[in-house]
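Participant: Just dropping this structure here.
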Amino acid sequence: MIKTYKNSLIDEQVIVYKHKSGLEVYVCEKPEFSSSYAIFGTRYGSIDTKFSVGNGKFLEVPEGIAHYLEHKLFESEELDAFARFAKTGASANAFTSFDRTCYLFSCSANFEENFRILLDFVQHPYFTEETVQKEQGIIGQEIQMYDDSAPWQVLMNLLGALYKKHPVRIDIAGTVESIAKINAGLLYDCYNTFYNLNNMFICVAGNVEAQKIFDLCDELLITKAPVIINRFMPNEENKVEKRQVEVKLPVSKPLFAIGFKEKCENPQKTLKEKVLSEIILKSIFGNDSPLYKELFDSELINDSFSAEYFNGYSYACTIVEGESDNPEKVREITNRYLSDYIVKGIKKEDIERAVKVYYSEEVCGFNSAENIVMNMVESAFLKTPVFEEFDIIKNITEVDVVKRLKEMFDIDNSSISIVNK
Amino acid sequence: MIISEIANGVEGCFIKSNKFKTSSISVNMFIPADEKSVSAYSLLYLILTDSTKDYPDYTSLNKALKNLYNASLFFFFLKFGDMRMVKFGISVLDDNFTLFGETISNKAADLLLCAIFNPLMENGKFKQEVFNNNKRILIDQINAQINEKRGYAISNTEKEMYNGEPASVKTHGNTESVDSLTNEDLVKAHEHLLKNAFVRINVISQNEPDLIYERFKEYFNSLERNVEKKNISLNHKTEGEVKYLEEKMNVTQGKLCLGFTVDLGEARQSVAKAAVFVDVFGGGPYSKLFTNVREKQSLCYYCAARFNSKKGTFIVDSGILEENREKAYNGILEQLEEIKNGNISEDEVNSSKIALTDTLISYNDQTATLDTWYALATFNDGETIEDYAELIKGVTVEDVIAVAKTVKLDTVYFLGKAKEDNDD
């Protein structure tokens, strides 16, 4: 089944093909581009540490295994994926986040060959105890690199303070100790669960033809019986684990991250909730806002100050971060402004300006094949119609904003993470 | 790409493109710089993009930009051999995509011109509050480099390696030189930059740039311009003896950086040969360093080489366990010896050539890479991306071996764990 989503306002279209396996293929043709970008991804990330298939027993796996699997999937019995891409010139890579793993390439020639390699290596795992062992040193160094990264530590410590049980508090790559427990058998268990096509998606943009990609998918995708995955998510209380957490690292100025934990009645926030959150954050924390002005003019923040809406399967929070000699004062002033906004709402003109910024960011996303793919991944991941955000922003009301503000910010349910000098 | 003469030492470069939803204008100013002037230009671009005569504080300027659909006033400071490129630009959504049919591109161009030529002044100086605020920001930015250890290690290696040359000055100078700047220094730096820099204005748009060029012409013609366009390709002078530098800090992972020199002629062909050599040595996953030091020896997550074509140097960096320092050091040098001894296959060199070419062609699809390429192209006889890709394709295995034979180790840097560990 093929469905075309069109947006005449920005003159773009995305074509979606539903493969018989259940996997959806998203394509945005950009014939004027020289290059193309493709992702083959799965709804599987670092938070999936306990799961079952169908009516089977729950299996608990070591922290960091999704990321470990990502590294190992590049290997095969014969030529590994990097060696195969070396013959085509594509730039190939992969990433694992809290809730997804994506394999990707970009290229300006040999698209079909590259696409064949991508679909082949992701569908053909090959793990032996020896090759699994070899990766420990490499990933061990990746973990240590992040141990020394103050921006990463301030974020992970915040998640640890906000969440008592939810696995979003666990580092994506795990720890040197947890990855030592990973073996080939466990990798196959995870692979066979989460790399079922029914749990996966393909997104492509650039100098490509949609029909050719769909034909290649029909030829190359190996359909297996779909699996029903049950994710075990511990019952996370609606209060933070710690109000404040501090560590010391070599930094020039203390780094801080303030998190506001939100209730998750459903595992995923709706697209409307996400869009509203983005617009609210732009209005309240942008460099044109009164809060920014007060903090900046009091020399409490510098231009590294920012806010983001951070959410995934059964977790959602707002994170405000930056550098400051007095993070507690930043928190106090931020809370004062938020309390005020919750009562009075946000000025209409500020919302309108934030909508323009949001809209422009969405349109400008079409400047690059990579951005187009990343946006399609969001649609594929949440199974929301493409371009729906364009309709949402046209119909935002003040009532929506106030309601969302109250949901997002419970000041009594927030934490601060500080990395001190 | 169409080049036009706009004013004395000011050229326009029009890249007509219908593939982007935005148009961009960038003013690229090339100027020699020492420690103090690097800091001055860095502070200058913060001040000029903070507020303007029309928008006298950052809140009103940012509101104006956001009302223009998030028009982005960008600035960028690039080390270009011993020179600096100071870039001011604006990128704005095309008029045909605005929600209510507003025309915004002209207003964005006005804003850029106002930022560069009409800053907010009081009694012949920048507004003191703006000056002070941005001085604080710049000092914070310089100090914050230590927060990311990989970049910090590379930057300190460069500083040691280019000791005594203008390229040793860090991207924004140091905190002492920023601190010593006065408001008057900044006014002079602004004037000096506008009068003496060689300027390349890039316009990437589907619309003709004539009106924009006219406006710039008016401004630049009103100045007494005194410009010399210099060829700024300067090779690094090696001192013969290898320099060693070591730092200790409260870190978990050690950072090893090796700085090398490579003989480089002026011809772009020799730059292409060296680029392929550096890439096959430590570029993609097919490189000697990735396949051996990372994959076979499992010593690190990254071990990569980056080439500086304007200095004839490259730096290899790796994050490792401190006890593996010697192993990694020897592993890197062994791989270099392999290439010097001719142990490099046609397949390896082809992988590098095809990957470099593929990446180069994709520069056409990103406004930022296109913009930077065509800003610097003025020093490479207008070389296009495709011209350079052809040079890369022409490199042979013998060329790579010949380049490897000219490589000399120049600087060794190590960031290690401090003895008195902090338990926090």
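Participant: Looking only at region A:70-78, decide whether some residue is outside any loop (DSSP other than H, G, I, E, B), under 24 Å from the mean Cα position of the chain (by Cα) and basic (Lys, Arg).
Facilitator: Within region A:70-78, one or more residues are outside any loop (DSSP other than H, G, I, E, B), under 24 Å from the mean Cα position of the chain (by Cα) and basic (Lys, Arg).
Participant: Is it true that some residue in region A:201-209 is part of a loop (DSSP other than H, G, I, E, B), away from every other protein chain (no Cβ under 14 Å) and either out of contact with any helix residue (DSSP H, G or I) (no Cβ under 6 Å at 6 or more places or on another chain) or within 30 Å of A:Ala307 (Cβ to Cβ) (or both)?
Facilitator: yes
Participant: Just checking, how many residues over region B:298-352 are within 21 Å of the chain's Cα centre (by Cα) and farther than 30 Å from A:Asp147 by Cα?
Facilitator: 5
Participant: Sticking with this one: Determine which member of the set B:Ser37, B:Ser23 is on the phi < 0 side of the Ramachandran plot, in contact (Cβ under 8 Å) with a residue 24 or more places away in the chain and part of a helix (DSSP H, G or I).
Facilitator: B:Ser37
Participant: Can you say whether B:Glu148 is touching a Ser or Thr at 6+ places or on another chain (Cβ under 8 Å) and of a type in the set (Asp, Glu), as far as the supplied structure shows?
Facilitator: Numbers: touching a Ser or Thr at 6+ places or on another chain (Cβ under 8 Å): yes; of a type in the set (Asp, Glu): yes.
In short, yes.
Participant: Give me the strands (runs of 3 or more DSSP E) completely within region A:1-62, filtered to those with at least 1 residues that are surrounded by fewer than 18 Cβ atoms within 10 Å (Cβ to Cβ) and assigned by TED's automatic domain parsing to the domain that holds A:Glu112, ordered by residue number.
Facilitator: Output list reads A:2-7, A:12-18, A:50-53.
Participant: In region A:312-330, how many are within 23 Å of A:Lys253 (Cβ to Cβ) and either among the hydrophobic types (A, V, I, L, M, F, W, C) or surrounded by fewer than 22 Cβ atoms within 10 Å (Cβ to Cβ) (or both)? First the steps, then the outcome.
Facilitator: First, pick out the residues of region A:312-330 that are within 23 Å of A:Lys253 (Cβ to Cβ): A:318-330.
The next check asks that each one be either among the hydrophobic types (A, V, I, L, M, F, W, C) or surrounded by fewer than 22 Cβ atoms within 10 Å (Cβ to Cβ) (or both); those that pass are A:319-320, A:325-326, A:328-330.
Number of matching residues: 7.
Participant: Let me ask another. What is the number of the single condition among (1) touching a strand residue (DSSP E or B) at 6+ places or on another chain (Cβ under 6 Å); (2) surrounded by fewer than 20 Cβ atoms within 10 Å (Cβ to Cβ); (3) of a type outside the set (S, T, N, Q) that A:Phe285 does not meet?
Facilitator: The one condition A:Phe285 does not meet is (2).
Participant: Same structure again: Checking the conditions here, which among A:His67, A:His71, A:His124 is within 13 Å of chain B (Cβ to nearest Cβ), closer than 20 Å to A:Gly185 by Cα and surrounded by fewer than 23 Cβ atoms within 10 Å (Cβ to Cβ)?
Facilitator: Working: A:His67 fails: surrounded by fewer than 23 Cβ atoms within 10 Å (Cβ to Cβ); A:His124 fails: within 13 Å of chain B (Cβ to nearest Cβ).
Sole residue among the options that is within 13 Å of chain B (Cβ to nearest Cβ), closer than 20 Å to A:Gly185 by Cα and surrounded by fewer than 23 Cβ atoms within 10 Å (Cβ to Cβ): A:His71.
Participant: Residues in region B:169-179 that are at pLDDT 90 or above and either surrounded by 13 or more Cβ atoms within 10 Å (Cβ to Cβ) or touching a Pro at 6+ places or on another chain (Cβ under 9 Å) (or both): how many?
Facilitator: 4
Participant: What residue, among those in region B:272-328 that are in contact (Cβ under 8 Å) with a residue 24 or more places away in the chain and among the β-branched types (Val, Ile, Thr), is farthest from B:Asp387 (Cα to Cα)?
Facilitator: Going through the qualifying residues, I end up with B:Ile320.
Participant: Does any residue in region B:141-164 that is within 14 Å of B:Cys257 (Cα to Cα) and free of Cβ contacts under 8 Å to residues at least 24 places away in the same chain come within less than 9 Å, Cβ to Cβ, of a residue that is part of a helix (DSSP H, G or I) and of a type outside the set (Gly, Ala, Ser) six or more places away or on a different chain, and which pairs are these?
Facilitator: If the second residue must be part of a helix (DSSP H, G or I) and of a type outside the set (Gly, Ala, Ser), the pairs left are B:Gly151/B:Gln145; B:Ser155/B:Gln145.
Participant: When you scan region B:263-283, how many residues do you find that are surrounded by fewer than 24 Cβ atoms within 10 Å (Cβ to Cβ) and either within 13 Å of another protein chain (Cβ to nearest Cβ) or over 20 Å from B:Lys405 (Cβ atoms) (or both)?
Facilitator: Summing the residues that are surrounded by fewer than 24 Cβ atoms within 10 Å (Cβ to Cβ) and either within 13 Å of another protein chain (Cβ to nearest Cβ) or over 20 Å from B:Lys405 (Cβ atoms) (or both) in region B:263-283 gives 1.
Participant: Test B:Leu78 against the criterion of being under 30 Å from B:Met161 (Cα atoms) and in the same structural domain as B:Phe216 (by TED's automatic domain parsing), and give yes or no.
Facilitator: So B:Leu78 fits the description; yes.
Participant: While we're here: Quick one: in region A:277-298, which of the residues that are closer than 18 Å to A:Glu321 by Cβ and of a type in the set (Asp, Glu) is farthest from the other protein chains (Cβ to nearest Cβ)?
Facilitator: A:Glu278
Participant: Let me ask another. Are there any pairs, at least 6 apart or on different chains, whose C-beta atoms fall under 6 Å, with the first in region A:144-156 and within 14 Å of B:Val251 (Cβ to Cβ) and more than 9 Å from every other protein chain (Cβ to nearest Cβ) and the second of a type in the set (Ser, Thr, Tyr) and surrounded by fewer than 20 Cβ atoms within 10 Å (Cβ to Cβ), and if so, which?
Facilitator: A:Trp152/A:Tyr146
The values are calculated or read from the model by the stated rules, or taken from the named source; none is laboratory data. All values reported here derive from a predicted model rather than from experimental measurement. Backbone-built Cβ (ideal geometry, glycine too); neighbour counts: all protein chains shown.
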